[in-house]
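Asker: Pasting a structure below so you can have a look.
None of the figures in this text is laboratory data; all of them are computed from the coordinates on show. Just so we're clear, the structure is a prediction, and the values are computed from it rather than from any experiment. Note that we place each Cβ from the backbone using ideal geometry, even for glycine, and neighbour counts take in every protein chain shown.
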Amino acid sequence: MPKVIDAVVTDGDGTLWKGAVSAAIGKEYLLKALRDRDIATFASGILGAAQVMLMSEFRGPAGSVDSQKKFYDTLIANSIGMRNEMRTFASRHIRKNTIDKVENIVRYYTLWNTPTFLSTMAGSTAAECVVESLSLTESVSNVDIFDNIGKLVGFSVTMRNGEEKLAKTESMLDKYNIRLDNCMVIGDSANDIPLLMSAKIAVASPFASDKVLALKRITRISS
């Protein structure tokens, strides 16, 4: 295969897999799981869309760093979030809700030994599951923190916005001597725009936002 790009970088929630909201897991259902201490169900809240949706319930603007921390504080205060259960649910959810056309692109380049990376603002539990299931090279994400028995005890915010996501992704690529301007980037939302604008090839997922689709240099994957 002719070498057109050095690597592929894909976003996670909304790009590679559809969020828990798209999987018809509604707010009341998840809040009931919280009240009932249903670990496996509520663990879906780490997966992007459900996380943002639920954060607004915990006294912060959806998507803000403060609300993200409050969300994880709520998980911890209710003793919800054992690593094994979270990994099991994340793997099941991602397998069920993977966007086939994006996965096919990633698998195609993996087959040709092209480095493939995940850059997501979801937690590291979800990111690890994606890397393992698709045999990706590496991921960068926000970080779930567990104690020595595997219980969720904290959440480290490493990416708050698109600019920080860009910086973290470039730092990851630097370890492989790969430049972002020689990569294909696949994204769906406003926090992916700095990455998309810096890529050699910018691709919008089937569920991309209007802001992403409005970029002049974007190639769209149809649904």
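Asker: Mind ranking 187-198, 162-173 by how tightly packed they are, going by the mean number of other C-beta atoms within 10 angstrom, highest first?
Answerer: So the order, starting with the most tightly packed, is 187-198, 162-173.
Asker: While we're here: Need the full-extension length gain, Val157 to Lys175, defined as separation in residues times 0.36 nm minus the C-alpha distance. One decimal, nm.
Answerer: Answer, rounded to one decimal: 4.4 nm.
Asker: Using 1/(1 + (r/R0)^6) with R0 = 30 angstrom and r between the beta carbons of Ala167 and Ser222, what's the FRET efficiency to the nearest 0.05?
Answerer: The pair Ala167/Ser222 has a calculated efficiency of 0.45.
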